[in-house]
Amino acid sequence: MVQARPQGRLYSTGELRGVMQGAALGTRGDLVSEKNPPSHPFLFLGNFSCAASYVAKSLLVLGTAPTAGLDRLHRRKWGVDIITGCFSAASQTTIKGKSITPANDRGGSAVVFPVTGNVYPAGHYSVILNIGNPPKAFDLDIDTGSDLTWVQCDAPCTGCTKPLDKLYNPKNNRVPCSSSLCQAVSTGQKYNCDTPTEQCDYEVQYADLGSSFGVLLADYFPLRLTNNSLLQPRIAFGCGYDQKYLGPHSPPDTAGILGLGRGKASILSQLRTLGITKNVVGHCFSRVAGGFLFFGDRLLPASGITWTPMLRSPSE
């Protein structure tokens, strides 16, 4: 059973990190993370904007996608075709940078997620991930400014925006505080683990004045790869049982956050550690609404891509 504990102290201004300067992704930003990169730049040409980054190497590729209509019966294949076309077109786009193929990072797998939302009026993008066995679908707000992925959790839940049947039901699947992932999510506060088997508590605060307090769990994340194989890796994520929204705007109507930062607790880093995908995240967004998000480099061509170093901090 998850044991609810008193919420930790508020962090001082000196402990809070810089706010993400997001355009469409990363608009929340994890203030207490030491791995807090600026959001991915965008290139808007044609009807779609596309970008991908080797997260570990801080490289960015930009391109454009051709105009296309969404065939609902072939949504997965359409997504792959759009992304492939997007980055094929990038080889014809002149961008300041150096054309290279990143060494020792070719190959691997990829997984594509349909994206809903827009910059205006929604102000956020979200994807649906399945968690558990049997799987249950959760819509998650995409955030490149934080590492931890978390869902609203029936432990019970305080400040949750979803009805009870839409919450994650925790089982005996807690990540112990002795885990290196627990230490990773404890960044910004003193890490303390008196008993190696005790639960790992987390607290994360965001630039939009939202916050989540909960426990680190691990469960299966069924993923359909682009080669049509189905994997069910066991991924650590947050069981958020105390959410607060203190900002001037209403929170997104989603079940939680998909953290795509560079830290060890990020779902991208965990998939890379498991050898499932390379540490690559990319997107293809429509100017109207929606688009696609992908993990892994299987959809990137082996050559003809212009890579540009990404900023590591707002001061650069």
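The values are calculated or read from the model by the stated rules, or taken from the named source; none is laboratory data. Nothing here was measured: the structure is a model prediction, and the numbers come from that model. Counting neighbours? That spans all protein chains shown, and the Cβs are built from the backbone with ideal geometry, glycine included.
On inspection, GLY79 qualifies as at pLDDT below 50, more than 24 Å from LEU209 (Cβ to Cβ) and in a helix (DSSP H, G or I).
Which fully enclosed strands (runs of 3 or more DSSP E) of segment 184-272 have 3 or more residues being over 15 Å from the mean Cα position of the chain (by Cα)?
Values: elements: 201-205, 210-220, 234-245, 256-259.
In segment 184-272, 201-205, 210-220, 234-245 are the strands (runs of 3 or more DSSP E) which contain 3 or more residues that are over 15 Å from the mean Cα position of the chain (by Cα).
Across segment 263-288, what is the number of residues that are in contact with a Pro (Cβ under 8 Å, 6 or more places away or on another chain) and either free of Cβ contacts under 8 Å to residues at least 24 places away in the same chain or under 11 Å from ALA184 (Cβ atoms) (or both)? Even if it seems obvious, please write down each step before you answer.
Restricting attention to segment 263-288, the residues satisfying the condition of being in contact with a Pro (Cβ under 8 Å, 6 or more places away or on another chain) are 270-271, 274, 276.
Narrowing further to those that are either free of Cβ contacts under 8 Å to residues at least 24 places away in the same chain or under 11 Å from ALA184 (Cβ atoms) (or both): 270.
Summing the residues that are in contact with a Pro (Cβ under 8 Å, 6 or more places away or on another chain) and either free of Cβ contacts under 8 Å to residues at least 24 places away in the same chain or under 11 Å from ALA184 (Cβ atoms) (or both) in segment 263-288 gives 1.
Evaluated against (1) under 22 Å from PHE294 (Cβ atoms); (2) more than 21 Å from the chain's Cα centre (by Cα), ASP139 falls short on exactly one condition, (2).
Show the residue pairs meeting these rules: Cβ distance below 8 Å; 6+ apart or different chains; first residue within segment 221-241 and exposed (fewer than 14 other Cβ atoms within 10 Å of the Cβ); second residue assigned to a strand (DSSP E or B) and of a type in the set (A, V, I, L, M). Final answer for the pair search is LEU230/LEU223; ARG234/ALA218. Suppose the filter is touching a residue at least 24 places away in the same chain (Cβ under 8 Å) and of a type in the set (S, T, N, Q); does SER250 pass it? When the stated conditions are applied, SER250 does not pass them. Residues in segment 151-183 that are surrounded by 18 or more Cβ atoms within 10 Å (Cβ to Cβ) and not in a loop (DSSP other than H, G, I, E, B): VAL151, GLN152, CYS153, TYR168, ARG174, LEU181, CYS182.
For segment 147-159, the criterion of being modelled with pLDDT of 90 or more and acidic (Asp, Glu) is met by at least one residue. Within segment 184-199, the residues that satisfy the criterion of being under 26 Å from LEU209 (Cβ atoms) and surrounded by 15 or more Cβ atoms within 10 Å (Cβ to Cβ) are ALA184, VAL185, SER186, THR187, GLY188, GLN189. The condition of being surrounded by fewer than 18 Cβ atoms within 10 Å (Cβ to Cβ), modelled with pLDDT under 90, not in a strand (DSSP E or B) and not charged (D, E, K, R) holds for THR94. Could you please give the count of residues in segment 280-291 that are more than 17 Å from ASP143 (Cβ to Cβ) and not basic (Lys, Arg)? Residues in segment 280-291 being more than 17 Å from ASP143 (Cβ to Cβ) and not basic (Lys, Arg): 6 in total. Within segment 118-150, the set of residues being among the charged types (D, E, K, R), in contact with a Leu (Cβ under 9 Å, 6 or more places away or on another chain) and surrounded by fewer than 20 Cβ atoms within 10 Å (Cβ to Cβ) comprises just one member, ASP139.
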